[in-house]
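Worksheet for the structure shown next.
The values are calculated or read from the model by the stated rules, or taken from the named source; none is laboratory data. Quick caveat, the model's predicted, so the values are computed rather than measured. For neighbour counting, all protein chains shown are included, and Cβ atoms are generated from backbone atoms with ideal geometry for every residue, glycine included. Areas reflect the complete protein model, heavy atoms only, side chains present, ligands, DNA and RNA absent. Shrake-Rupley method; radii C 1.70, N 1.55, O 1.52, S 1.80 Å.
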Amino acid sequence: MLSNTKKYLTPLEIGESIERLSDADWMRLKKFAAWFSRKCGLPEEDILQKSFEKALDGSRKCPIDVKIMSFLWQTMRSIASSNAKSYMRNPTVSLQNLKYENGSDHQADLKDDVKPETEAAIVARMDLAKVKEIIPQLFESDPEPVQLLVMGILDEMDTDELKEFSGLNGKKYYSARRLFRRRVEKKFPGGYGNE
């Protein structure tokens with residue numbers, strides 16, 4: 001007997017899933033894009049468009065067990081993160097710094113505040129990246145709002161943003177936060193190095 005070893009949706013299946021999105025899903029996708037836009041500086045339309053391009057051209061693969069909304073959210077997150085990192089590596093010249101107090105003229109200014117990282121900072125960042133990769137896997141079988149809450153926590157959203165992003169409010173929100181803490185503490189009882 002042949003077993004189904006398919007691990008990812010095809011670009012065609014992703015396209016069909018996108019076409020089946022409800023109006024509410026589209027509104028949520030636009031909210032996600034707007035939120036990421038504030039974090040990286042790309043216009044929200046560009047983030048949304050690039051996420052569709054990457055999904056449909058096959059450069060981003062969607063595992064068969066991941067919901068399309070979560071997949072698109074993660075793709076937007078990746079695009080925003082890459083854009084922000086790219087900007088930090090290659091700061092651009094700004095012509096909008098006021099030269100005179102009355103604001104009648106501008107001067108070019110290149111701010112290069114990026115300092116070299118110490119080895120400890122690099123290792124800490126790598127450990128954090130690994131943790132951020134592991135934690136979402138702990139919540140794969142939970143409902144989508146809980147998964148969105150987890151993603152928001154990892155992206156350091158504040159309480160209001162988390163509630164809006166996940167759609168959880170009141171007791172459901174606090175229950176999901178408690179679930180997050182308990183499950184992470186169980187996975188890492190003595191911290192990341194002691195899993």
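Would you list the P(r) distribution for region 1-89, with all Cα-Cα distances sorted into 5 Å bins from 0 and each bin expressed as a whole %?
For region 1-89, the pair-distance distribution reads 3, 15, 24, 22, 17, 9, 5, 3, 1, 1, 0.
Could you pull out the pairs from Lys30/Lys54; Lys132/Lys172; Lys130/Lys186; Lys6/Lys186 whose alpha carbons sit more than 20 Å apart here?
Lys132/Lys172; Lys6/Lys186
With a sphere of radius 14 Å drawn around the Cβ of Leu12, what net charge do the other residues whose Cβ falls strictly inside it have (Lys, Arg +1; Asp, Glu -1)?
In short, -1.
Roughly how much of Tyr174 is accessible, in Å² to the nearest 10, using a 1.4 Å probe?
Result for Tyr174: roughly 120 Å² accessible.
With a 1.4 Å probe and every protein chain left in place, tell me how much accessible area Glu53 has, in Å² to the nearest 10.
100 Å²
Order Ser59, Ser51, Ser81, most accessible first, counting only protein heavy atoms with a 1.4 angstrom probe.
Sorted by accessible area, descending: Ser59, Ser81, Ser51.
In the full protein assembly as shown, how much of Leu138 is accessible to a 1.4 Å probe, in Å² to the nearest 10?
40 Å²
Go through Met69, Met27 and list them by solvent-accessible area, largest first, probe radius 1.4 Å.
Met27, Met69
Using a Debye calculation, one point per C-alpha and no hydration shell, please list log10 I(q)/I(0) for region 1-52 at q = 0.13, 0.23 Å⁻¹ in order.
Treating every Cα as an identical point scatterer, log10 I(q)/I(0) equals -0.44, -0.90.
Any idea how far the Cα center of region 1-45 sits from the one of region 129-162, in Å?
After rounding, the separation between the Cα centres reads 17 Å.
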